[in-house]
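Below you'll find the structure, written out as structure tokens, and then a few comments.
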Amino acid sequence: MEIGDSLQVKMNEPGACPRYCGRVMRGVNPAAATPSWMARRLERSGVRSLSAVVDITNYVMLEWASRCTPFDLAKIKGSITVRYARKGEELLLLNDKNWR
């Protein structure tokens, strides 16, 4: 299967992040359950199980020691910009709490 979708990525801090890769995926079921073996392994590593999509990316991060973050393509407006946080900027986390 070929997916022709793409999304522009703007690198504002190439020295801090020399490589940023992404992949558009279709047909992902966000309601799918995380396999119990994966949830247990994440929890033993100190990572709370949240959802299959997030858990899979966290598992890859732990195995490969490289950050892996899923995005919902339908919620992205424009492009992804890789940059440092701005002073006073807040981030809404998956647990609905704000982080500064």
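Applying the Karplus relation 6.51 cos²θ - 1.76 cosθ + 1.60 with θ = phi - 60° to the stretch 65-76 yields 3J(HN,Hα) values of 6, 9, 4, 9, 10, x, 10, 8, 4, 5, 9, 8 Hz, where x marks Gly and Pro. The relative contact order of the chain comes to 31 percent, based on Cα pairs under 8 Å that sit 6 or more residues apart.
Using the Cβ atoms and a cut-off under 14 Å, what net charge is assigned to the surroundings of Leu42, where Lys and Arg are +1 and Asp and Glu are -1? Show your work: numbers first, answer last.
Details: positive: Arg40, Arg41, Arg44, Arg48; negative: Glu43, Asp55, Glu63.
Its environment carries a net charge of +1.
In a DSSP loop and with at most 15 other Cβ atoms within 10 Å, the GluC sites (Glu not before Pro) in the stretch 1-72 are Glu2. Out of all Cα-Cα pairs in the chain, roughly what percent, to the nearest whole number, are more than 21 Å apart? Percentage above 21 Å: 48.
Surface listing: Lys97, Lys10 arranged by accessible area from highest to lowest gives Lys97, Lys10, probe 1.4 Å. Among the chymotrypsin sites (Phe, Trp or Tyr not before Pro) in the stretch 39-82, those placed in a DSSP loop whose Cβ has at most 16 other Cβ atoms within 10 Å are Phe71. Residue separation of Leu91 and Ile76 scaled by 0.36 nm, minus their Cα-Cα distance, works out to 3.9 nm of gained length.
The values are calculated or read from the model by the stated rules, or taken from the named source; none is laboratory data. Source: prediction; values computed, not measured. Note: ideal-geometry Cβ built from the backbone for every residue, glycine included; neighbour counts use all protein chains shown. We work out accessible area using only protein heavy atoms, side chains counted, and drop any ligands, DNA or RNA first. Shrake-Rupley method; radii C 1.70, N 1.55, O 1.52, S 1.80 Å.
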